[in-house]
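*Asks:* Take a look at this one; I'll ask things after.
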Amino acid sequence: MEREEILKSAIAGDINAFQTLFAEFQTQLRSYLYRLLTDRNDVDDLTHDTFIRAFSRISTFNQDSSLKTWVFKIATNLAYDHLRKQKRWKADAQDRAADLAIGSEKFRQVFWFVHDTSSAGAYEMKEHIDYCFTCISKTLPIENQVALILKDIYDFQVREICLILDKTEGVIKYLLNDARNIMTDIFEHRCALINKDGVCHQCSHINGVFNPKQDQQEELMKLDLVKGSKKYNREELFTLRTLLVKAIDPLHALGTDLHEAIMGCLRTAIGEKSDFFDRAPGKAE
């Protein structure tokens, strides 16, 4: 069946046709929601809710955008409702998580259990750079974060983001410029990989814990971000960072489970969740 026929059937109420089309971008949608929500259970819930809401309203889809853009708008609205109930993160959220992990044997036991037993429990610095990007992006106002991730990580056009956020082109361009400036400034002053004055060595420190036999400098020099740190300006380094992030699916990577555990520690440290050990694998008694 031609795609246009599948879309026509979906709009007419054929759930199988809609499922076929939804599946084309479901993996990307889940990845996007994870970058906003940072919790796999929330991603599962909102992906399901997005499917149900989109299908229930499919007859209103007037094709003034792609179906993907229309569905992402629904998902973004659901995520926005979820996120506005929470405080935005501060740039030191990862530091607070590190302090909690260092001071808690129970957290360390969970991390090592995941690392030793999960097929997605490996540690790679490039994946931690992606993790860091997600954490720092959550310091932005929600609309700035959404615009930035849609444009710089998922390659949506400005006109599509206008539809998703229901904003004018001028507003979207302002949100993007503001978000990039804030993110770039934080990374410039924080990240030791790109600036010798950076205060955060977290990716290298954790790598030393989980990969003690690895030649760390050799691994670092495999990263374009590190190789470019001495010759590119801050905007170019931010672009290199986004290219690294774009290449990683945070839900399907070598260290997905380990980073989910580390993220759970962070969210506990900032008071966003309190059930870490109820849901953690191999939880310490």
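The values are calculated or read from the model by the stated rules, or taken from the named source; none is laboratory data. No experiment lies behind these values; they were computed from the predicted model shown. Please note: Cβ atoms are built from the backbone with ideal geometry, for glycine as well, and neighbour counts cover all protein chains shown.
*Asks:* Would you say L165 is surrounded by fewer than 22 Cβ atoms within 10 Å (Cβ to Cβ), of a type outside the set (V, I, T) and within 17 Å of Y80 (Cα to Cα)? It would help to see each step written out before you state the result.
*Replies:* On the way: surrounded by fewer than 22 Cβ atoms within 10 Å (Cβ to Cβ): yes; of a type outside the set (V, I, T): yes; within 17 Å of Y80 (Cα to Cα): yes.
Answer is yes for this residue.
*Asks:* Step by step: first the residues of the range 29-56, then only those that are under 16 Å from the mean Cα position of the chain (by Cα) and surrounded by fewer than 15 Cβ atoms within 10 Å (Cβ to Cβ), then the one that is modelled with the lowest pLDDT. Which residue is that?
*Replies:* N41
*Asks:* Take the residues in the range 1-15 that are aliphatic (A, V, I, L, M) and not in a helix (DSSP H, G or I); name whichever of them is modelled with the highest pLDDT.
*Replies:* A12
*Asks:* Now for a different question. Just to be sure before I move on: is E24 free of Cβ contacts under 8 Å to residues at least 40 places away in the same chain and either acidic (D, E) or buried (at least 20 other Cβ atoms within 10 Å of the Cβ) (or both) in the structure I sent? Explain how you work it out, then say what you get.
*Replies:* Working: free of Cβ contacts under 8 Å to residues at least 40 places away in the same chain: no; either acidic (D, E) or buried (at least 20 other Cβ atoms within 10 Å of the Cβ) (or both): yes.
Spelling it out, it is not the case that E24 is free of Cβ contacts under 8 Å to residues at least 40 places away in the same chain and either acidic (D, E) or buried (at least 20 other Cβ atoms within 10 Å of the Cβ) (or both).
*Asks:* Let me ask something else about it. Can you list the helices (runs of 4 or more DSSP H) lying wholly within the range 96-177 that have 3 or more residues being of a type in the set (F, W, Y)?
*Replies:* It comes to 105-117.
*Asks:* Report whether or not K222 is over 23 Å from A247 (Cα atoms), surrounded by fewer than 21 Cβ atoms within 10 Å (Cβ to Cβ) and more than 19 Å from the chain's Cα centre (by Cα).
*Replies:* Spelling it out, it is not the case that K222 is over 23 Å from A247 (Cα atoms), surrounded by fewer than 21 Cβ atoms within 10 Å (Cβ to Cβ) and more than 19 Å from the chain's Cα centre (by Cα).
*Asks:* Go through the range 1-13 and give me each residue that's buried (at least 16 other Cβ atoms within 10 Å of the Cβ) and without any contact (Cβ under 8 Å) to a residue 12 or more places away in the chain.
*Replies:* S9
*Asks:* Moving on to the next point. Just the residues that are under 12 Å from the mean Cα position of the chain (by Cα) and assigned to a helix (DSSP H, G or I), please, taken from the range 245-279.
*Replies:* V245, K246, T256, H259, E260, M263
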